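S.K.: I'd like to ask you about the structure that follows.
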Amino acid sequence: MTFTGKVEGLHVTPRSFLPMRNMEKLQLIEGLGVEGDRHSINEAFHSDRPEEGRQITFFEAETLEALKRDHHIILKPEQHRRNVTTRGVPLNHLVGRRFRVGTCVVEATRLTTPCRHIEQITGLEIYEVLLHRAGLNAKIVKGGEIHLGDIIEPE
Amino acid sequence: MLKRIHRVTTVVSRIEQIDPRVKRFHLQDPGGWELPPFTAGAHIDIHLPSGLIRQYSLSGDPARDDTYTIAVQREEDGRGGSRELHDDVQVGDELLVSLPRNSFPIAADAAVTMVAGGIGITPFLSALPSLLASGRPFVLHYCAGSLDRASFVPMLQEMGLADRVRFHFSETGQRLDLARVIAGLDEDGHLYCCGPARMLEAIETQAGHLGERLHVEHFGIAAGVDPAYEVLLARSGQVVPVAPGQTMLQALRAADVHVPASCEGGVCLDCKCRWLEGTPIHRELTMPLDDRKEWITPCVSGSAGPRLTLDL
């Protein structure tokens, strides 16, 4: 599989329910998660069900555009509650594969399933329209710093 | 057992003694992060250290994204939530709270008339900054038994509201002329009321014709005592007896039937269940009448007949 995409947004929050902040860069810690993000410090809504494969999460910018185009739902990049907003990356086809984000490498573990939690937080009825396109979970194989605009491509 | 990660974690950053009976608590994220946003009129559930859960209106400016502010009047004869907040909660304490919910939103594009009774002023405090900034027409009637029982008069006087706030103290014969307020509403103006039950009953009686332009926010608890009856759980076939003086929710819990519940006062509707047969006695304060045809809140509601069937 070949593709060349890029990092369009970076987002982090230290605790469940809190708004995500847009960042210029994120520090990825190999085998653990995103520095300062709730998943890396067991402060996430789902942290009572730990999962090695949920160290970093991705979401397609194209899905945000589809929600607006097809459902008139305005969901901002910092509202999808994943760490990285991607463009030009076929996230749903990457389960089980490794790919590079800038100088880092991640291994996709499973598709993210939407949960009603995001409706509570955003006040938007988006659960059903996010089915099958709620993003991707991954492990961090090679850590480092990632930045806005970094290239995303297969390893 | 409630898990921290399933609620918003806050710490008490400041406590203000407004007057002998009212304290304001300012809650912030432990790391100074922004809190989930809210809109004017919203409330949160506070999970007290004792396990009690109580609802309080957010009375701060929604534009301030790092603080939730609640005003709590100490109720000596209440159910214990306000006493615990007043007596036991200190600056630095951690309090888990719910996401803000808003069952009392202020219309965005109409003239607004607000009537507050006593501590019922709190939801309006969150609305005033944006009303002032928007330049929309509004008036706030603040009613209390006397000046010293109207805790927020100084704050309102400092806000530059001029004649858009009117004070009504029954002790000095300045009672609110409700009929005049209603008659003076614009054709498309909305009337908002928050205060004690007796005030709200009067307003609902006199202003019921306003329909969707009338908004009331209840606080306190709904209450009632029914004779014994039984609840049939349609899915399991289990029959749960409810004793006189016991709530349906208590009876369900005693029978190990788990129903999520929060305020236990007929306000938050967290415990609502679908009812299938029987004659329910509805005592919820906030459920739309149409919804009562399908739902019931076991925390306060009862049964007029010997058996009520729930979809559990």
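S.K.: Might you check whether a residue that is within 23 Å of A:I146 (Cβ to Cβ), surrounded by 19 or more Cβ atoms within 10 Å (Cβ to Cβ) and either out of contact with any Ser or Thr (no Cβ under 8 Å at 6 or more places or on another chain) or at pLDDT 95 or above (or both) occurs anywhere in region A:91-98?
M.R.: yes
S.K.: Checking B:M155 against (1) at pLDDT below 90; (2) within 18 Å of B:D19 (Cβ to Cβ), only one condition comes out false. Which one?
M.R.: Going through (1) at pLDDT below 90; (2) within 18 Å of B:D19 (Cβ to Cβ) one by one, B:M155 breaks only (1).
S.K.: While we're on this one: When you scan region B:95-206 for strands (runs of 3 or more DSSP E) that lie fully inside it, which ones turn up with 3 or more residues that are more than 22 Å from the chain's Cα centre (by Cα)?
M.R.: Numbers: elements: B:112-117, B:138-144, B:165-169, B:190-194.
Here the list reads B:165-169.
S.K.: How many residues, within region B:265-307, are closer than 18 Å to B:F104 by Cα, over 15 Å from the mean Cα position of the chain (by Cα) and either assigned to a strand (DSSP E or B) or aliphatic (A, V, I, L, M) (or both)?
M.R.: Adding up the residues that qualify gives 1.
S.K.: Report, ordered by the first and then the second residue, all pairs with beta carbons closer than 9 Å, sequence separation of six or more or different chains, a first member in region A:131-143 that is more than 14 Å from A:L111 (Cβ to Cβ), and a second member that is assigned to a loop (DSSP other than H, G, I, E, B) and of a type in the set (A, V, I, L, M, F, W, C).
M.R.: That search, which allows pairs on different chains as well, returns A:I140/A:L32; A:G143/A:L32.
S.K.: Something else now. Between A:L124, A:L75, which is away from chain B (no Cβ under 14 Å), in a loop (DSSP other than H, G, I, E, B) and surrounded by 14 or more Cβ atoms within 10 Å (Cβ to Cβ)?
M.R.: Criteria check complete, one pass: A:L75.
S.K.: Can you pull out every residue in region B:32-54 that is of a type outside the set (A, V, I, L, M), in a loop (DSSP other than H, G, I, E, B) and within 22 Å of B:R79 (Cα to Cα)?
M.R.: B:P49, B:S50, B:G51
S.K.: Could I ask something else about it? Suppose we keep only residues that are assigned to a strand (DSSP E or B) and either acidic (D, E) or over 19 Å from A:Q55 (Cβ atoms) (or both) within region A:5-20. Which one would you say is farthest from the other protein chains (Cβ to nearest Cβ)?
M.R.: Here the residue is A:G5.
S.K.: Given (1) open to solvent by 30 Å² or more (accessible area, probe 1.4 Å); (2) in contact (Cβ under 8 Å) with a residue 60 or more places away in the chain, where does B:K3 come up short, assuming only one miss?
M.R.: (2)
S.K.: Kindly indicate whether any position in region B:138-159 is of a type in the set (D, E, K, R), touching a His at 6+ places or on another chain (Cβ under 7 Å) and open to solvent by 20 Å² or more (accessible area, probe 1.4 Å).
M.R.: No, the conditions are met nowhere in region B:138-159.
S.K.: Could you check, for region B:243-252, whether at least one of its residues is over 24 Å from B:G81 (Cα atoms) and surrounded by 14 or more Cβ atoms within 10 Å (Cβ to Cβ)? Outline the logic, then answer.
M.R.: Initially, region B:243-252 is screened for residues over 24 Å from B:G81 (Cα atoms), giving B:243-244.
Restricting the remaining residues to those that are surrounded by 14 or more Cβ atoms within 10 Å (Cβ to Cβ) gives none.
No; the residues of region B:243-252 include none that is over 24 Å from B:G81 (Cα atoms) and surrounded by 14 or more Cβ atoms within 10 Å (Cβ to Cβ).
S.K.: How many residues does region B:1-19 contain that are under 11 Å from B:I70 (Cβ atoms) and within 14 Å of chain A (Cβ to nearest Cβ)?
M.R.: 1
S.K.: Pick from B:R292, B:R283, B:R307: which is in contact (Cβ under 8 Å) with a residue 24 or more places away in the chain and surrounded by fewer than 19 Cβ atoms within 10 Å (Cβ to Cβ)?
M.R.: Result of the check over B:R292, B:R283, B:R307: B:R307.
S.K.: Within region B:20-42, take every residue that is away from chain A (no Cβ under 13 Å) and of a type in the set (G, A, S) and give me the one that is most open to solvent (accessible area, probe 1.4 Å).
M.R.: The residue in question is B:A40.
S.K.: Right, another one. Of everything in region B:43-63 that's out of contact with any helix residue (DSSP H, G or I) (no Cβ under 9 Å at 6 or more places or on another chain) and within 14 Å of chain A (Cβ to nearest Cβ), which residue is nearest to B:S103 (Cα to Cα)?
M.R.: Looking at residues that are out of contact with any helix residue (DSSP H, G or I) (no Cβ under 9 Å at 6 or more places or on another chain) and within 14 Å of chain A (Cβ to nearest Cβ), I get B:I44.
S.K.: Another question about this same structure. Quick check on this structure: which one of B:R83, B:R79, B:R74 is open to solvent by 20 Å² or more (accessible area, probe 1.4 Å), more than 25 Å from B:M155 (Cα to Cα) and more than 14 Å from chain A (Cβ to nearest Cβ)? Steps first, answer last, please.
M.R.: On the way: B:R83 fails: more than 25 Å from B:M155 (Cα to Cα); B:R74 fails: more than 25 Å from B:M155 (Cα to Cα).
After applying the criteria, what remains is B:R79.
S.K.: Considering only residues of region A:32-59 that are of a type in the set (S, T, N, Q) and at the interface with another protein chain (Cβ under 9 Å from one of its Cβ atoms), which is surrounded by the fewest Cβ atoms within 10 Å (Cβ to Cβ)?
M.R.: Just the residues of region A:32-59 that are of a type in the set (S, T, N, Q), to begin with: A:40, A:42, A:47, A:55, A:57.
Going one step further and asking which of them are at the interface with another protein chain (Cβ under 9 Å from one of its Cβ atoms), we end up with A:42, A:47.
Details: A:N42: 11, A:S47: 19.
Applying the filter and picking the extreme gives A:N42.
S.K.: Which pairs do you get when a residue that is over 15 Å from B:H190 (Cβ atoms), found in region B:130-141, comes within reach of a residue that is part of a helix (DSSP H, G or I) and among the basic types (K, R), reach meaning Cβ atoms under 9 angstrom, with the pair 6+ apart or on two chains?
M.R.: Between residues of region B:130-141 that are over 15 Å from B:H190 (Cβ atoms) and residues that are part of a helix (DSSP H, G or I) and among the basic types (K, R), the close pairs are B:L132/B:R164.
The values are calculated or read from the model by the stated rules, or taken from the named source; none is laboratory data. Computed from a predicted structure; not experimentally measured. Cβ coordinates were reconstructed from backbone atoms using ideal geometry, including for glycine residues, and neighbour counts include every protein chain displayed. These area figures cover heavy atoms from the full protein model, side chains too; ligands, DNA and RNA do not enter into them. Shrake-Rupley method; radii C 1.70, N 1.55, O 1.52, S 1.80 Å.
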